[in-house]
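What follows is a single structure, and I will ask about it in a moment.
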Amino acid sequence: MSDFEPKVVCFSCKFSWGYLADEDALASQIKNWVPIICSGKVDAKHVVEAFKHGADGVLILGCPEGDCHYQDGNLEARKRIYLLQKTLQSYGIEPARVSIQLSRDPEGTTIPDYIRKMSESIKKLGPVRRTASPVK
Amino acid sequence: MAAKPKVAIAWLGSCGGCDEAVVDLNEVVLTVADATDIIFWPVAMDFKYHHIESMGDGEIALSIINGHVRNSEHEEVARLFRKKSQLVLAFGACACFGGTPGMANFRSKEDIFNWVYRDAPTVVNPKGNYPQPKSQVNGKELTLPEFYERVYALNQIIDVDYYLPGCPPPPDLIANAVTAVLEGKLPPRGSTLAPHKALCDSCKRNATKPTRLAIKDIKRIHEVEASPDTCFLAQGILCMGIATRDGCGQSCININMPCRGCFGPVEGVEDAGAKFISALAAILDVETEEEMKQVVDQLVDLAGYTYRFSLPVSMLKDIRNTR
């Protein structure tokens with residue numbers, strides 16, 4: 001388990017995260033980074049799809065409360081993620097594997113830190129348990 | 001006289017409700033029986049599997065298969081009918097998506113066996129016997145179908161030409177489907193023989209739905225006396241109609257029960273549960289994080305609610321709670 005490196009997918013809203021940074025330079029430091037316009041755009045389906053394709057955790061970075069460019073997209077995302085955490089638990093996907101952070105960092109320098117922090121806690125959980133392929 | 005097209009109605013892991021739905025065609029079933037040669041229907045007639053085995057490949061015009069696949073017998077029967085049929089119709093929620101038995105996929109085979117044969121309070125099993133695919137009794141070998149690790153929808157085992165969901169499918173859609181086959185007026189292969197839109201689209205209660213739904217409190221149907229003609233969601237009762245395919249004839253809504261999702265997701269949606277969760281989040285009228293937790297924490301078994309009929313085909317089908 002010690003050599004397990006969790007795959008974390010990060011969706012971050014461009015209105016608060018890394019808009020002053022050179023996106024390409026930042027992207028070279030962050031694996032599986034999906035800058036988006038509004039965290040409210042992240043559908044439950046996108047998170048589920050990330051797990052389907054092998055993610056061990058999903059991190060969503062949205063704007064601070066009250067600062068959404070579209071009024072309440074970040075709060076919508078927070079509700080969605082909380083409902084999703086409840087649902088994914090039944091699959092054996094611990095709530096800690098899906099996280100949402102409502103804050104701001106125009107330089108984007110803390111994005112890798114957030115991902116590192118999340119990876120650390122997921123390391124303790126181990127990889128998402130998957131079963132063998134169907135009989136077909 | 002030209003030979004009539006041969007039709008088979010087979011069941012796999014099924015409760016019999018789908019067969020009952022065929023009987024519910026009433027006099028239409030006589031028309032079907034006139035126009036076709038029903039060569040297999042275990043619920044109603046006495047035919048044997050070896051009759052089917054002795055037929056030529058593709059000799060059956062249409063096999064209507066209901067039920068999910070959970071063991072090796074189901075798989076064998078499904079493969080047999082696929083081989084002998086020109087068309088296979090996955091009939092009912094179990095064949096289309098795994099159905100309610102598919103919720104067993106939240107648990108492993110081991111968990112299920114331990115509960116059913118060891119831990120359930122009513123079990124007396126001092127020798128710790130578990131069913132085995134092969135066992136020796138008095139020098140003879142007895143066999144049982146092998147219980148698989150999980151529940152499969154029909155198209156995870158064989159190729160399926162058409163889908164007709166529902167628990168069970170309603171008589172009008174069954175009649176349409178059979179007529180379409182007999183008249184050769186079928187949509188492209190892989191189609192679901194039901195409307196494409198969501199149930200809300202045809203729901204009579206839709207007129208009472210406010211422009212912007214906002215639920216402050218979620219109630220379960222048995223906790224309240226629901227109004228018989230107001231939108232369930234407007235009353236704070238979870239109704240899957242917003243994320244479920246139309247076509248059922250609203251048999252649940254008509255008896256004042258919210259939609260449970262047996263018609264599966266609307267056209268083009270892969271994961272019914274995730275779609276419902278997104279929709280539910282949008283209509284929850286909560287401001288603060290504490291308020292949100294308070295409302296959501298009341299929900300009992302959200303995953304079971306949202307994936308009630310479609311867990312085996314959900315995007316996370318390969319991910320399993322193994323504890």
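Please go through the range B:194-203 and pick out each residue that is crowded, with 16+ Cβ neighbours inside 10 Å and either farther than 26 Å from B:LEU30 by Cα or without any contact (Cβ under 8 Å) to a residue 60 or more places away in the chain (or both).
Residues satisfying the conditions are B:PRO195, B:ALA198, B:LEU199, B:CYS200, B:SER202, B:CYS203.
If you don't mind, there's one more thing I want to ask. Is the range B:250-261 home to any residue that is facing another protein chain (nearest Cβ under 9 Å), buried (at least 19 other Cβ atoms within 10 Å of the Cβ) and of a type outside the set (Gly, Ala, Ser)?
no
Now for a separate question. Being under 29 Å from the mean Cα position of the chain (by Cα) and either outside any helix (DSSP H, G or I) or farther than 16 Å from B:MET257 by Cα (or both) is the filter here, so list the residues in the range B:216-229 that pass it.
B:ILE218, B:LYS219, B:ARG220, B:VAL224, B:GLU225, B:ALA226, B:SER227, B:PRO228, B:ASP229
If A:SER28 passes every condition in (1) among the small types (Gly, Ala, Ser); (2) surrounded by fewer than 23 Cβ atoms within 10 Å (Cβ to Cβ); (3) within 13 Å of another protein chain (Cβ to nearest Cβ) but one, which one does it miss?
(3)
Given the conditions (1) at pLDDT 95 or above; (2) surrounded by fewer than 23 Cβ atoms within 10 Å (Cβ to Cβ), and given that B:ASP172 satisfies all but one, which numbered condition is not satisfied?
In the conditions (1) at pLDDT 95 or above; (2) surrounded by fewer than 23 Cβ atoms within 10 Å (Cβ to Cβ), B:ASP172 misses (1) alone.
Looking at the range A:65-72, can you tell me whether even one residue there is within 10 Å of chain B (Cβ to nearest Cβ), without any contact (Cβ under 8 Å) to a residue 40 or more places away in the chain and surrounded by fewer than 18 Cβ atoms within 10 Å (Cβ to Cβ)?
For the range A:65-72, residues within 10 Å of chain B (Cβ to nearest Cβ), without any contact (Cβ under 8 Å) to a residue 40 or more places away in the chain and surrounded by fewer than 18 Cβ atoms within 10 Å (Cβ to Cβ): present.
Okay, moving on. Which one of B:GLU270, B:GLU290 is farther than 18 Å from B:CYS203 by Cβ, out of contact with any strand residue (DSSP E or B) (no Cβ under 9 Å at 6 or more places or on another chain) and in a loop (DSSP other than H, G, I, E, B)?
Exactly one residue qualifies, and that residue is B:GLU270.
Out of (1) surrounded by 15 or more Cβ atoms within 10 Å (Cβ to Cβ); (2) at pLDDT 95 or above, the odd one out for B:THR122 is which?
Looking at each condition in turn, B:THR122 falls short on (1).
Scan (1) of a type outside the set (A, V, I, L, M); (2) farther than 27 Å from B:GLU290 by Cβ; (3) more than 10 Å from chain B (Cβ to nearest Cβ) for the single condition A:PHE51 breaks and write down its number.
The single condition A:PHE51 does not satisfy is (3).
Okay, moving on. crowded, with 24+ Cβ neighbours inside 10 Å, hydrophobic (A, V, I, L, M, F, W, C) and over 30 Å from A:PRO64 (Cβ atoms): does that describe B:LEU311?
yes
Do we find that B:ALA303 is surrounded by 19 or more Cβ atoms within 10 Å (Cβ to Cβ), within 8 Å of chain A (Cβ to nearest Cβ), out of contact with any strand residue (DSSP E or B) (no Cβ under 6 Å at 6 or more places or on another chain) and part of a helix (DSSP H, G or I) in this structure?
yes
Go through the range A:67-99 residue by residue and tally those that are assigned to a helix (DSSP H, G or I), of a type in the set (S, T, N, Q) and out of contact with any Gly (no Cβ under 8 Å at 6 or more places or on another chain).
Number of matching residues: 2.
For B:ASP19, are the conditions met, namely being part of a helix (DSSP H, G or I) and surrounded by 22 or more Cβ atoms within 10 Å (Cβ to Cβ)?
It is true that B:ASP19 is part of a helix (DSSP H, G or I) and surrounded by 22 or more Cβ atoms within 10 Å (Cβ to Cβ).
Let me ask something else about it. Over 16 Å from B:CYS203 (Cβ atoms) and assigned to a helix (DSSP H, G or I): does that describe B:MET315?
No, not satisfied.
Turning to a different aspect of this structure: In the range A:73-92, which residue that is more than 8 Å from every other protein chain (Cβ to nearest Cβ) and under 14 Å from the mean Cα position of the chain (by Cα) is surrounded by the fewest Cβ atoms within 10 Å (Cβ to Cβ)?
Across the range A:73-92, the extreme among qualifying residues is A:GLN85.
The values are calculated or read from the model by the stated rules, or taken from the named source; none is laboratory data. This one's a predicted model, so the numbers in the text were calculated from it and none came from an experiment. Methodologically, a virtual Cβ is constructed for each residue, glycine included, from the backbone with ideal geometry; neighbour enumeration extends over all protein chains shown.
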